[in-house]
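Below you'll find the structure, written out as structure tokens, and then a few comments.
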Amino acid sequence: MASWAAAYVVDPEKYHCVGQEINANHVRAVDSGWVFGIARPIHLGRGSHVWDVRIHDEKDCLVCVSRVTIAVLSTPMRY
């Protein structure tokens with residue numbers, strides 16, 4: 001989710017995003033049903049992004065909390 005979110009907030013003609021670091025804590029198991037996640041920006045800089053990702057189950061119980069750092073790189077010009 002963080003990777004997709006980061007890709008949506010940069011100009012894809014000029015930049016691309018790659019994962020740099022992920023820290024995740026799985027706080028509850030889910031053995032059936034759906035999980036839902038939300039990625040929120042903590043920092044949106046020119047060279048890096050930091051995203052907070054929270055995943056909940058169908059009962060709205062927290063399943064995983066994660067912090068993801070994304071490197072924002074210049075895309076080489078295509079001729």
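Readers should treat all values here as calculations from the given coordinates under stated rules, not as data from a laboratory. Not measured: the values here are computed from a predicted model. Counting neighbours? That spans all protein chains shown, and the Cβs are built from the backbone with ideal geometry, glycine included.
Things to note:
- Flag for Ala6 being buried (at least 16 other Cβ atoms within 10 Å of the Cβ), assigned to a helix (DSSP H, G or I) and of a type in the set (Gly, Ala, Ser): yes
- Qualifying residue in region 22-41 (condition: in contact with a Phe, Trp or Tyr (Cβ under 9 Å, 6 or more places away or on another chain) and exposed (fewer than 14 other Cβ atoms within 10 Å of the Cβ)): yes
- Top-ranked residue in region 9-28 [being more than 16 Å from the chain's Cα centre (by Cα) and assigned to a loop (DSSP other than H, G, I, E, B); ranked as nearest to Ser74 (Cα to Cα)]: Lys14
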